[in-house]
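A short worksheet on the structure shown next.
The values are calculated or read from the model by the stated rules, or taken from the named source; none is laboratory data. Here the structure is a predicted model, which means the values were calculated and not measured.
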């Protein structure tokens, strides 16, 4: 069973959409920027249709959940209203933080050799300047 939810939040000055996908015992979350103006339903619909494959989801295993029992429609409406007031769940926030920290580590490890090379290059240029400065003495 797959459940997908989209929560739109205003994180000044941008509107952001948080996709949460639950598949069996996997939990995936992605955040997209929707712009500065309030997104309309056709824009969101078109975004999902055109860019669903391009959305970068962060996936992690979630704890096993109980089988869902058929819920009364009125209770479902109350739960949906409650979810909209609450905003993005803490699970989504923690997963997005974890994704951001992993990306940061990847970027740092990717750029580390380049940064080291640049430091050595700058150091050698400074040493050369020092030697040229004391050339006649």
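General observations
Yes/no per residue for (1) at pLDDT 90 or above; (2) under 20 Å from residue 28 (Cα atoms); (3) over 26 Å from the mean Cα position of the chain (by Cα):
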residue: 69; (1), (2), (3): no, no, yes
residue: 86; (1), (2), (3): no, yes, no
residue: 92; (1), (2), (3): no, yes, no
residue: 100; (1), (2), (3): no, yes, no
residue: 120; (1), (2), (3): yes, no, yes
residue: 128; (1), (2), (3): yes, no, yes
residue: 132; (1), (2), (3): no, no, yes
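- Check on residue 47, outside any strand (DSSP E or B) and more than 22 Å from residue 81 (Cα to Cα): yes
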